[in-house]
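Laboratory data are not the source of any read-out in this text; all were calculated from the coordinates shown. Nothing here was measured: the structure is a model prediction, and the numbers come from that model. No Cβ is skipped: glycine too gets one built from the backbone with ideal geometry, and neighbour counts run over all protein chains shown.
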Amino acid sequence: MSKTYYSRTHEYVTVDGNTGYIGISEYAQKALGNVVYVDMPEEGDDVTAGEEFGAVESVKAASDLIAPVSGAVVESNGLLIDNPRLINQDAMANWIIKVELSDPEELSALMDEEAYNAFCATEDAH
Amino acid sequence: MNKEYYGKLIYELSRHGRRGASLPDNATPDALAAIPSALLRMNAPGLPEVDEPAVVRHYTNMSANNFGVDTGFYPLGSCTMKYNPKINEEIAGYSSFADLHPLQPASTVQGALEAYWTLQKALSEIGGMSEFTLNPFAGAHGELTGLMVIRAYHESRGDSKRVKVIVPDSAHGTNPASAAVAGLKVVEVKSFPDGTVDIEALRPLLDDTVAAMMMTNPNTAGMFEHGVKEIAEMVHEAGALMYYDGANLNPMLGIARPGDMGFDVMHINLHKTFSTPHGGGGPGSGPVGVRKGLECFLPEPRVCRRDDGTFAISDDSGESLGSISATLGNFGVQLRALAYIMSLGADGLKMAGPLATLNANYVKESLRDLYLLPLEGVCKHEFVFDGLRDKSTGVTTLDVAKRLLDFGFHAPTIYFPLLFHESLMIEPTETESRETLDAFIDVMREIAKEAVENPEVVKSAPHSTPVSRPDDTAAALNPVVTYDDLKSSES
Amino acid sequence: MIHHYFPHTADDIREMLGRCGMSDLGELYADVPADVRLRGDYNLPKGRSEKEIRDFFNELGRHNRILTCFAGAGFYHHYTPAVIPYILSRSEFLTAYTPYQPEISQGTLQYIFEYQSMMSRLTGMEVSNASMYDGATATAEAMMMAVSASRKRDRVLIGATVNPAVRRVVATYARYHGIRLDEIAEADGVIRRDDMEAKLADGDVAAVIVATPNFYGIAEDYSGWADACHRYKALLIMNCVPADLALLKSPGEWGADIACGDAQSLGMPLRYGGPYLGFLCASKALIRKMPGRIVGATTDADGHRTFVLTLQAREQHIRRDKATSNICSNQGLMALHTVVYLSLLGDDGLREAAMQGLNGAHYLASQLEATGLMRMSFPAQPFVNEFAMDTDFDVADLEAACLEQGILCGVKIAPRRILIAVTEMQTREEMDRLVKTVKKMKS
């Protein structure tokens, strides 16, 4: 049974057992516009919660990817190299990296879907 | 122009066996055998083969697809697109300057060194600084050099914990980028709605880890930072230095000097304030000035004047930050700037700032009923509209900018500064006449009218340019950056 | 009239102020506090007429000496065809801004695209950016690019035979950017592969910087170097003299990841140090790590081939402190110089120019050796158009004697060692005159 958590910087992590699938939220995808490139770490790299692990670029903007959780990268989504627009088509299905969580406790600092939706509503109000 | 016939790449004109230049023959024996074949290139590079007339026609036709200061008005904010005087071009082309090797003995380049020294002194006077280096190649290079000066200064006092640079959130993108290249951490300070620095927000940021504060004055919204002296005092109190980004120096000519505002280090963009041509993106020149006491940290090589009136090059100052260029910089650009300063003189320079500021305010006051003016008050050399006043038409700042091209004007700077959503930043320099400004104002008013009556014509602009709006997304998704890429993508 | 660059008449000023609700220019600066204001005028001379300016610069020019130039050391006196200044002086190119509005900048954008195409082929690399300031800063940028691409590594190795002027600039950037720069030792005029491998094995190396030809004009053999670097996941950066790439194996052929250097040798006037052009070419895998502008081809709304600035998300105006570099210009007009020069010369002309330099340099070197007063510093090494010689006399004395003849004999790199360059510009008679002057030197 998987569950999805969100960060304040609009990344999600969908957790299944000890595996996390990290990507950017629908909200982030819409704000960015047409994605033209995804910069991501390689298999074997480590990511640290709260630290940058790559970037998503559109024509006129770039957004750093901040890891919601720490762990070792077991796979990066190669489909995004040839077709970064998959993120625009379905951001939730098209995760960017798959990690082995090193500290599942970190999940408690993240938002669930309901809290995240409320957070996005306040972002829009600004 | 017939685009089908003339709109080709130079490679598409290439025919094997043609050539466009002749070379002298020094009549010495063939020595190719001296190079082992393993070190030789296997295949020819694959340059185009074209005759001289074809090269001239090709590039002449290409120039017709370009807009320049000599063809029309550039209301481009933060870029100071003033007239580029022709005498400057003539002088830069003199063989007595153009044919000097950068490593010639100083005794054989006294005229060149005197030109460098004279410009350096003039900029020191205009900036209110003690000394300048002309070596940096561009404004961003100047910023980097200036920040290195600041780090060298702190290090010379054994103060190694100053790793931060404070930059207003309204700053040019180069400021934080230069700080990062110089190994410094960027801390943003908030601006008030008018883009001026929020002094109360600055206060808690100042401690003994701050190396410098970078400011542009007037700021990127064209407003004068009237609190600059107080800011400088606070920054100095904290042991940090003040850096002046000279991108907006033009309106201050004859009015106020950065040194007198409390700045310690500054750069000047010769291609903005001092009339040297932008050349489609370069070469520029970004001299860096420092106040008294910081001269020893300037980069090598340096030019100095000896007591006997002769000029020399020094590169032996122990405290210098090092070298940021192999030579004394873009000398050809420096000559042009010196000729400009001599032409204007003290009497002309002091009018350049006020006339630029007059032009900006004149345009602002003539359009504010139709375009949204977010900042009240007198602007300096530039100002920002937040798009059209009437937001119901769906016509954006980008559309207005593109429609201007149809009327023979360059677009203003758009979507910068980031303070407003629909920024349209206009800087008419002092070399634009009232008639040109009136024509621009008429067109801007016409576009505002079109936005209401016929928005489609604005949204799909431009209509009369050599090409229409390009597909930027396709370009970024699948980069085609060489002729070889193009051939494989078209096949 | 205030000045002939300013169109404003007294009436214009009055009426324009009127629209702003003002009557005096001083009101435009009412918000500038008195304590920061300039009191009085700048302490500078009054404005001068055009004739006086021309006279002034002509007089300055008389204090410069144009010499027969055997000096190189990274800057070479090549022929500039007459077409080049003619095309570069066209206002539409000269007075244009950065091509941010592609619809009215196709001229600039297309020549940059052509520049990228030619430089990629000349260096044997897949992609090129739109150019950088000069060769030294381009090499420093290549170093920072490699460090950033490696994500975590902070060491860079640079060959001791890379031009010292380039090394100085690279060292400055490294120091402030927080890169640990280490040198690869030299033996007999070339850098030592064993030293590189040992230092690679120490770990954390993001890149290795080498030169072709090197500072002494020597064509070094880099067979296997790229593989050695890649074994340690380091990038190979090759600084090169592009004029010599008509003959020498290109960085791409050596397997380099980044090629950089100064394009001055492509017929750019020496101009006492600039403007020149720094180039930076790379493998396609590194394109999004490149600093500076890049032009790409796309189509416009009507389906026509169109050129635009692309991959801008790398740059400072979007990424700010996370940008690949702080550069926000290129050497625009000098990129135009480069494409016009390479178009005029083509493969054939570029090779001919390089051959003249090679032949002339070997002729001159043998004649100088025959004097018995000078010897090749590195007799075992192959050189192209520049070579180092050791002298039995002080180089300073030769310099002085040659200056009397109107000759710049080379660049002194030690009290008794000189670096001499030959291009298509020096005649055989001029070389013989240099030899004759050497013969008069006493040891």
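Rounded, prolate or oblate: which fits the stretch C:54-177, taking a ≥ b ≥ c as square roots of the Cα gyration tensor eigenvalues, rounded meaning a/c under 1.5, else prolate when a/b beats b/c? Here the stretch C:54-177 falls in the oblate category.
Each helix, a run of at least 4 DSSP H residues, gives -39500 (n - 2.57); summed and divided by the residues of chain A, these come to -5500 deg cm²/dmol at 222 nm.
Partners of C:K152 within straight-line reach, counting aspartates and glutamates whose Cα lies under 16 Å from its Cα and excluding those fewer than 8 residues away in the same chain: A:D39, A:E42, A:E43, A:D45, A:D46, A:E51, A:E52, C:D202, C:D204. Can you tell me how the stretch B:11-121 classifies by the Cα gyration tensor, rounded, prolate or oblate, using a/c under 1.5 as the rounded cut? It is oblate, given that a/c is not under 1.5 and a/b is not larger than b/c. Charged neighbours of B:M252, selected by a Cβ distance under 13 Å, balance to -1 (K, R count +1; D, E count -1).
The share of alpha-carbon pairs in the stretch C:99-340 lying farther apart than 23 Å comes to 46%.
With a Förster radius of 30 Å applied to the beta-carbon distance between B:E237 and B:F192, the computed FRET efficiency rounds to 0.85.
What share of all Cα pairs of the protein assembly as shown, in percent, falls into each consecutive 20 Å distance bin? Percent of Cα pairs in each bin: 13, 44, 35, 8, 0. For B:K86, a cut-off of 15 angstrom between C-alpha atoms picks up these aspartates and glutamates, skipping any fewer than 8 places away in its own chain: B:D70, C:E50, C:E52, C:E92.
Residue pairs exceeding 28 angstrom between C-alpha atoms, taken from C:K199/C:K322; C:K249/C:K289; B:K82/B:K121: C:K199/C:K322. The Cα atoms of the stretch B:130-228 cover 37, 31, 26 Å along the three principal axes, with the biggest extent listed first. What residues of the stretch A:5-31 lie in the reach of a label at A:F119, counting those whose backbone N is under 11 Å from a point 7 Å from the Cα along Cα→Cβ? Under cut-off, by backbone N: A:5-13, A:25. Between the stretch B:77-118 and the stretch A:39-106, what is the C-alpha centre distance in whole Å? Answer, in whole Å: 51. Taking the C-alpha atoms only, the angle from helix C:428-439 to the longest principal axis of chain C is near 60 degrees. Highest GNM mean-square fluctuation among A:E114, A:E75, A:E11, for chain A modelled with Cα contacts below 10 Å: A:E114.
Here the relative contact order of the stretch B:87-343, from alpha carbon pairs under 8 Å that lie six or more residues apart, stands at 28 percent.
Could I have the simple spin-label model distance between A:E43 and A:R8, label points 7 Å from Cα toward Cβ, reported in nm to one decimal? Reported label-point gap for A:E43 and A:R8 is 3.6 nm. Modelled spin-label separation between C:K436 and C:D394, with each label point placed 7 Å from Cα along the Cα-to-Cβ direction: 2.6 nm. Normalising the Debye intensity of chain B to I(0), with uniform scatterers on Cα atoms only, and taking log10 at q = 0.08 Å⁻¹ returns -0.60. Using the alpha-carbon positions of the stretch B:251-359, Rg (one decimal) and Dmax (whole number) come out as 15.8, 47 Å. Excluding the site residues themselves, the longest part of chain B lacking any GluC sites (Glu not before Pro) in a DSSP loop with at most 13 other Cβ atoms within 10 Å is B:1-318. With q set to 0.09, 0.11 Å⁻¹, the log10 of I(q)/I(0) for chain C, from the Debye formula over equal scatterers at the Cα positions, is -0.69, -0.95. Sorted from longest to shortest, the spans of the Cα atoms of the stretch A:3-119 along the three principal axes equal 37, 35, 22 Å. Charge tally for B:E382 (other residues, Cβ to Cβ under 11 Å; Lys, Arg +1; Asp, Glu -1): +1.
Against the main long axis of the alpha-carbon atoms of chain C, helix C:164-177 sits at an angle near 60°. For C:H337, the shell of other residues with beta-carbons less than 15 Å away shows a net charge of -2, using +1 for Lys and Arg and -1 for Asp and Glu. Expressed to the nearest 5 percent, the antiparallel share of DSSP beta bridges inside the protein assembly as shown is 70 percent.
Dividing the Cα radius of gyration of the stretch B:354-474 by 2.2 N^0.38 Å, with N the residue count, gives 1.03. Relative to the longest principal Cα axis of chain C, at what angle does helix C:106-123 sit, 0 to 90 degrees, rounded to 10? The angle comes out near 10 degrees.
Each stretch of four or more DSSP H residues adds -39500 (n - 2.57); spread over every residue of chain C, this sum gives -11500 deg cm²/dmol at 222 nm.
Counting only residues at least eight positions apart within a chain, or on another chain, the aspartates and glutamates with an alpha carbon under 16 Å from that of B:K292 are B:E125, B:E131, B:D260, B:D264, B:E319. Just to check, using Stokes-Einstein with a Kirkwood Rh over alpha carbon pairs, what's the diffusion coefficient of the stretch C:114-204 at 10 °C and 1.306 mPa s in µm²/s? Roughly 110 µm²/s, to the nearest whole number.
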